[in-house]
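Since every read-out is calculated from the coordinates, none of them should be taken as a lab result. Quick caveat: nothing in here was measured; it's all calculated off a predicted structure. Heads up, the Cβs are rebuilt from the backbone with ideal geometry, glycines too, and the neighbour counts pull from every protein chain shown.
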Amino acid sequence: MSIDVEYAIKKDVRNNPVVRGVDEKQRRALVRTLGGGFVVVSMLLFSAWQHYQIIDSGYQVERMAKEYVAEEALNRRLRLEVEALRAPAVIERRAMRELQMVYPTAAETLLLERIRAATAPKAAVAHAR
């Protein structure tokens, strides 16, 4: 009995010459399954991409709203600064200090009077006194 067991264990079986044929039904089913899987994965990726774009657009809108508020505050501050610099007292002070301007004397002053349109010739707007 031990010889039969030993022979069965040592027996070499060669399966190399056996070639399996390609099953066309199984191949078509595999291609169909892979194609369907590709379509489903593509749809999921497209849906995820759209969802991401919507979320990203929301973040951009919020960021732009904050930038708009900041730009409005800057605009308001700059308008106030321009109005403050347009004040006659500020202009006079800067002219005296930075440009070394002085008030004109009475001899340097020329007084102009307006002539009424009814009595004035068309070319004359003002005349010197």
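Where Rh denotes the Kirkwood radius from the mean inverse Cα pair distance, what is Rg over Rh for the range 14-91? Walk me through the numbers before you get to the answer.
On the way: Rg = 33.6 Å, Rh = 19.5 Å.
Taking Rg over the Kirkwood Rh, I get 1.72.
Give me the number: length gained by fully extending Ile115 to Arg86, i.e. 0.36 nm times residue separation minus the C-alpha to C-alpha distance, one decimal in nm.
Details: separation 29, 0.36 × 29 = 10.44 nm, distance 3.04 nm.
Here the answer is 7.4 nm.
With unit charges on the beta carbon (Lys/Arg positive, Asp/Glu negative), name the residue among Gly58, Tyr68, Gln100 whose Cα is farthest towards the positive pole of the charge dipole of the range 50-108.
Gln100
Can you compute the charge dipole magnitude of the range 52-118 about its Cα centre, using +1 on each Lys and Arg Cβ and -1 on each Asp and Glu Cβ, nothing else charged? Give it in debye, rounded to the nearest 20.
Roughly 280 debye for the range 52-118.
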